[in-house]
Amino acid sequence: MQLFLDGSDIEKIRKFSKLGLIDGVTTNPSIILKSGKNMIEVISELAEIVSGSVSAEVSALDSETMIEEGIKLSEIAKNVTVKLPITWDGLAACNALYKKDISVNMTLCFSVSQALLAAKAGAEYVSPFIGRLDDLNLKGVELISDIKLVYSNYKFPTKILAASIRTINHVKECARHGSDVATIPIDIFERLVKHPLTDSGLSQFTADWEKTGQSII
Ligand code: E4P
């Protein structure tokens, strides 16, 4: 499973990217608002830090302006993926951008039928929002396996990019259900490595090693 960061904190994204762990980044208008920065500048910076896909979302709701915005965003850098909402206008824009060889991430996906349309329109990624489905007492991760089944039935190349991840357990479940990508908020990504038994085990090993009086280098 590829790991994307869902956010725009440049320093933290740079740090994890240097570790070779980050395959891409996703943003949305709420993330840009929170950053307090200019979207074009944020996307250019992210696209330099990360070699994989960086999703940048259009603001228009009509297909013509979506296409115009999508072309402008795609010109920021080769690895920019244009994020479009799954609406009829979004699907029309997706297909137009696909025909221009521009990578598209269809966002706000909450059903298999929407994912099917996104694949037919030529999206490179579809983003099912699992946390927001869980908020409604539905099983968000089941959407991942349902879409996976449909895509494999027809060999659609569209990749499933699990979004709206709220917990470490969501990350595990996305991997268990075979999501191609999980985009993870930075605070959750930071917690992925933590386990109390790792901490206590390491303290014990370090203390015992010191008692041996040996050194490796
Ligand atoms: C990423 O592509 C999505 O925009 C993001 O994961 C949405 O997350 P939220 O439901 O926590 O806002």
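When only residues in the range 155-169 that are open to solvent by less than 20 Å² (accessible area, probe 1.4 Å) and either away from the ligand (no atom under 16 Å from the Cβ) or outside any strand (DSSP E or B) (or both) count, which is farthest from Gln114 (Cα to Cα)?
If we take residues in the range 155-169 being open to solvent by less than 20 Å² (accessible area, probe 1.4 Å) and either away from the ligand (no atom under 16 Å from the Cβ) or outside any strand (DSSP E or B) (or both), then Ile165 is farthest from Gln114 (Cα to Cα).
Go through the range 112-137 and give me each residue that's within 16 Å of the ligand (Cβ to nearest atom), closer than 20 Å to Pro85 by Cβ and not in a helix (DSSP H, G or I).
Correct list: Ala123, Glu124, Tyr125, Val126, Ser127, Pro128, Phe129, Leu136.
Just one of the numbered conditions (1) open to solvent by less than 80 Å² (accessible area, probe 1.4 Å); (2) more than 22 Å from Ser44 (Cα to Cα); (3) touching a residue at least 24 places away in the same chain (Cβ under 8 Å) is not true of Ser152; which one?
So the condition that Ser152 fails would be (3).
Just to be sure before I move on: is Asn105 touching a Lys or Arg at 6+ places or on another chain (Cβ under 6 Å) and within 16 Å of the ligand (Cβ to nearest atom) in the structure I sent?
Answer is yes for this residue.
Results for (1) free of Cβ contacts under 8 Å to residues at least 60 places away in the same chain; (2) touching a Cys at 6+ places or on another chain (Cβ under 6 Å), shown as yes or no for each residue.
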{"position": "Val104", "(1), (2)": "yes, yes"}
{"position": "Thr107", "(1), (2)": "no, no"}
{"position": "Ala119", "(1), (2)": "yes, no"}
{"position": "Ser127", "(1), (2)": "no, yes"}
{"position": "Ile147", "(1), (2)": "yes, no"}
{"position": "Pro157", "(1), (2)": "yes, no"}
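Please work out if Lys72 is in a strand (DSSP E or B) and not aliphatic (A, V, I, L, M).
In short, no.
If a residue must be within 16 Å of the ligand (Cβ to nearest atom), within 25 Å of Ser113 (Cβ to Cβ) and not basic (Lys, Arg), how many such residues does the range 71-97 contain?
8
What is the one condition in (1) at positive phi; (2) surrounded by 10 or more Cβ atoms within 10 Å (Cβ to Cβ) that Ile184 does not satisfy?
Status for Ile184: all satisfied but (1).
Any idea which of Leu84, Leu97, Leu149 is assigned to a helix (DSSP H, G or I), at pLDDT 95 or above and farther than 17 Å from Cys174 by Cα?
Leu97
For the range 29-60, give me each residue that is part of a loop (DSSP other than H, G, I, E, B) and either surrounded by fewer than 20 Cβ atoms within 10 Å (Cβ to Cβ) or within 14 Å of the ligand (Cβ to nearest atom) (or both).
Gly36, Lys37, Asn38, Ser51, Gly52, Val58, Ser59, Ala60
All but one of (1) surrounded by fewer than 17 Cβ atoms within 10 Å (Cβ to Cβ); (2) under 18 Å from Glu190 (Cα atoms); (3) within 13 Å of the ligand (Cβ to nearest atom); (4) of a type in the set (S, T, N, Q) hold for Thr26, so report the exception by its number.
(1)
Run Lys83 past the list (1) of a type in the set (Lys, Arg); (2) within 22 Å of Ala162 (Cα to Cα); (3) open to solvent by 30 Å² or more (accessible area, probe 1.4 Å) and report the number of the one that doesn't hold.
With (1) of a type in the set (Lys, Arg); (2) within 22 Å of Ala162 (Cα to Cα); (3) open to solvent by 30 Å² or more (accessible area, probe 1.4 Å) applied to Lys83, the lone miss is (3).
Can you pull out every residue in the range 170-190 that is more than 15 Å from the ligand (Cβ to nearest atom) and under 14 Å from the mean Cα position of the chain (by Cα)?
Passing the criteria: only Ala175.
The values are calculated or read from the model by the stated rules, or taken from the named source; none is laboratory data. Small disclaimer: the values here were computed from a predicted structure and weren't measured. Heads up, the Cβs are rebuilt from the backbone with ideal geometry, glycines too, and the neighbour counts pull from every protein chain shown. Each accessible area value is taken on the protein alone, full model and side chains, heavy atoms only, with ligands, DNA and RNA left out. Shrake-Rupley method; radii C 1.70, N 1.55, O 1.52, S 1.80 Å.
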